[in-house]
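Taken together, the values in this text are just the output of simple stated rules run on the coordinates, not laboratory data. Values in this document were obtained by computation on a predicted structure and should not be read as measured data. Glycine also receives a Cβ, built like all others from the backbone with ideal geometry; neighbour counts cover every protein chain displayed.
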Amino acid sequence: MFAVVILLLFPQMRGNSISALNIFQEPPPQTLSYARAVNIAGPAVVNIYSTEIQTTPRYNRTAKKSIQLGSGVIMESSGYILTNFHVVQNANLIQVLTQHGQIYPAELIGFDVYTDLAVLKVNAVNLPVIPQNNQKESLAGDIVLAIGNPFNLGQTVTQGIISATGRNGLSNTSYLEFLQMDAAINEGNSGGALVDSNGVLVGINSRKFTQSNQQLNIQGIFFAVPYQLAYKIMQKIIENGRVVRGWLGVSAREYRLNVKGFVIDKITSGSPAFIAGLKSGDVIYQIGETEIASITQALDIVAETKPNTTVIFKVYRDKQQLDVPVLIIENKQLIYNQ
């Protein structure tokens, strides 16, 4: 009707009447939505309830129960679930609640304190599995959705972007190795899924940034374990019950003069490097078949080397090139710390 009135008031537009009518009949633009991603990934995100029974030595005192709330991600249809270790730490009973309402008792297969990851197993089949892509690389600026069960409110989705990316190796862990994002992570979100706008898993939600100065009002800094690292950890736990990391036993610094690599500063007595005859001042430029671009890359190669494996280290020492065989062993210190 409004278009007809315009044509009566402005007869010169009658020649374009069809175009004018089409303008007013155009449908509104489609709403931007991530509902499809949530529908794809959401069924594979579970609620986890960890019960710790605290007993007291005093006579006739009843045991106290405390329940830790968290989330988890179904990684395999046979019942393997990834979550955070702090969600199930000290738990006497672990229960998993799926989005379809089934409750399963869960077994703790193993954990890794350095990445704060744990693997659970439930006795079930044909469970919904989170979409995964080993080739996907997360970039700063990617839109991400954090799915979990904050404060036991039920499955909830928060949205943000990746603020910074970490790396995916098995060497010692810090905040720098995690994905940093601004999608909110609250109590109960820990162990849930961080997915992209297509619902593909990019990380396991872990923690929010904390520091000793509680007076600083820090917002929007949250962390997730990158998918590739989380997947490696899960496979190692399923295989060994824990994460087995190789050990070299050196402290080092970057070397960027004639070749890329690293310089050995100190060597731990009795370590594989010590036994192999590596020395302070040696420049390591290749490990096995891999040329070294950074210290972190070298540490990851060592960490991911199966213990009791001999690897050739290519070394510059006093202007000479040497091939030094090193027998990598397991890092026992990491075992004791766990």
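Here are a few things to note about the model shown:
- Computed E for Asn92/Thr310 - FRET, C-beta separation, R0 51 angstrom, nearest 0.05: 0.75
- Whole-Hz couplings from phi, Karplus 6.51/-1.76/1.60, listed for the range 155-163; x for Gly and Pro: 4, 9, 10, 10, 10, x, 10, 6, 8
- Proxy reagent accessibility, fewest Cβ within 10 Å first, across Ser251, Ser294: Ser251, Ser294
- Contour minus Cα-Cα distance for Gln30 and Thr290 (0.36 nm per residue): 88.7 nm
- Chain lengthening between Ser251 and Lys266 when straightened (0.36 nm per residue, less Cα-Cα): 4.9 nm
- Put simply, the amide H of Asp282, placed in the peptide plane, has neighbours under 5 Å in Ile264, leaving out anything fewer than 5 places away on its chain.
- Computed from backbone phi, the HN-Hα couplings of the range 231-239 come to 5, 4, 4, 4, 4, 5, 5, 4, 6 Hz, rounded to whole numbers (Karplus: 6.51 cos²θ - 1.76 cosθ + 1.60, θ = phi - 60°; Gly and Pro given as x).
- By other beta-carbon atoms within 10 Å, ranking Val311, Val125, Val45 with the fewest at the front produces Val125, Val311, Val45.
- The ranking of Lys260, Lys64 from fewest to most other beta carbons within 10 Å of each one's beta carbon is Lys64, Lys260.
- A cut-off of 5 Å between modelled amide H atoms, ignoring neighbours fewer than 5 places along the same chain, links Lys136 with no other residue.
- Amide H contacts of Val144: Gly160, Ile161, Ile162, each under 5 Å away and 5 or more positions distant or on a separate chain (H built 1.01 Å from N in the peptide plane; Pro and chain starts excluded).
- Label zone (Lys279, point 7 Å along Cα-to-C-beta; backbone nitrogen cut-off 17 Å) within the range 299-319: 313-319.
- Inter-label distance for Leu153 and His100, nm, one decimal - labels placed 7 Å from Cα along Cα-to-Cβ: 2.7
- Distance between the 7 Å Cα→Cβ label points at Val259 and Ile109: 4.0 nm.
- Within-11-Å neighbourhood charge of Lys314 [Cβ basis; K, R +1; D, E -1]: -3
- Backbone geometry of the range 90-104 corresponds, through the Karplus equation with coefficients 6.51, -1.76 and 1.60 at θ = phi - 60°, to 3J(HN,Hα) couplings of 6, 6, 8, 9, 10, 10, 10, 10, 7, 6, 8, x, 7, 10, 10 Hz, x marking Gly and Pro.
- Length released on extending from Gln132 to Lys319, taking residue separation times 0.36 nm less the Cα-Cα span: 62.6 nm
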